[in-house]
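The numbers here are math on the coordinates, done by the rules we state, and not lab data. In this text, all values refer to a predicted model and were calculated from it rather than measured experimentally. Counting neighbours? That spans all protein chains shown, and the Cβs are built from the backbone with ideal geometry, glycine included.
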Amino acid sequence: MATGARERLDARDRVEARRRGLSEPPLQLRDDSEDEMIVSFPEFVFKEFIAMVAMTVFLLVVSIWLQAPLLGKANPAMTPNPSKAPWYFLGLQELLARFPPLMAGVAFPTFVIVLMILVPYLDRNPSRRPSERKLAIFLFALYAVITVGLVLVGTFFRGHEFNFDWGWVLGNES
């Protein structure tokens, strides 16, 4: 029988013996100084709670400090030409402005999703240290830079009718 299974059976027998009042001293103390495991309740739950409070405070401050540039009441009889997507879809809308719809709306997103599914199979490095995971970090950084770049271009450089607008760069805001 495997050593781990034998240890579990012995531990179960000791617990049952304690319940019956026949406790015996442990046979040997286990040295767990080289284990990488951390008990999750006090350490991680507390850290996640602190992160949640910090994020809530940050979102409250940002929502009070920044005023959203809202337009007038919606008029179903007249839509802007073309309508600008919300910020989280601006990257996809920017791709649609630059490539044919089949490529930008189907092929590129499918390629990104399939690549994200395949990354664990392409990067077979078992290490958890970021300094040893060069391929995974490079692929994520590339994805993040492209996504954030397209969203920023769609947000700040697209104006009326989705044309490029460099007015704020040149000093004449419109």
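Where does each of 71-78, 134-141 land if you order them by average Cβ count within 10 Å, highest first? Each step should come with its number before you reach the end.
Values: 71-78: 6.1, 134-141: 12.8.
Highest-to-lowest ranking by the protection proxy: 134-141, 71-78.
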Worksheet item: Leaving out same-chain residues fewer than 8 places away, which lysines sit with a Cα under 25 Å from that of LYS84?
Response: LYS73
Worksheet item: Amide H neighbours of ARG158 under 5 Å, counting only residues 5+ apart in sequence or on other chains, H built in-plane at 1.01 Å?
Response: ASP165
Fill in: Where labels lie 7 Å past Cα in the beta-carbon direction, separation of LEU66 and ALA97 in nm
1.9 nm
Fill in: Gyration tensor verdict on segment 87-170 (Cα atoms; rounded if a/c is under 1.5, prolate if a/b is larger than b/c, oblate otherwise)
oblate
Discussion item. Suppose each label sits 7 Å from its Cα in the direction of the beta carbon; what would the SER83-ARG6 distance come out to in nanometres?
Written reply: 7.0 nm
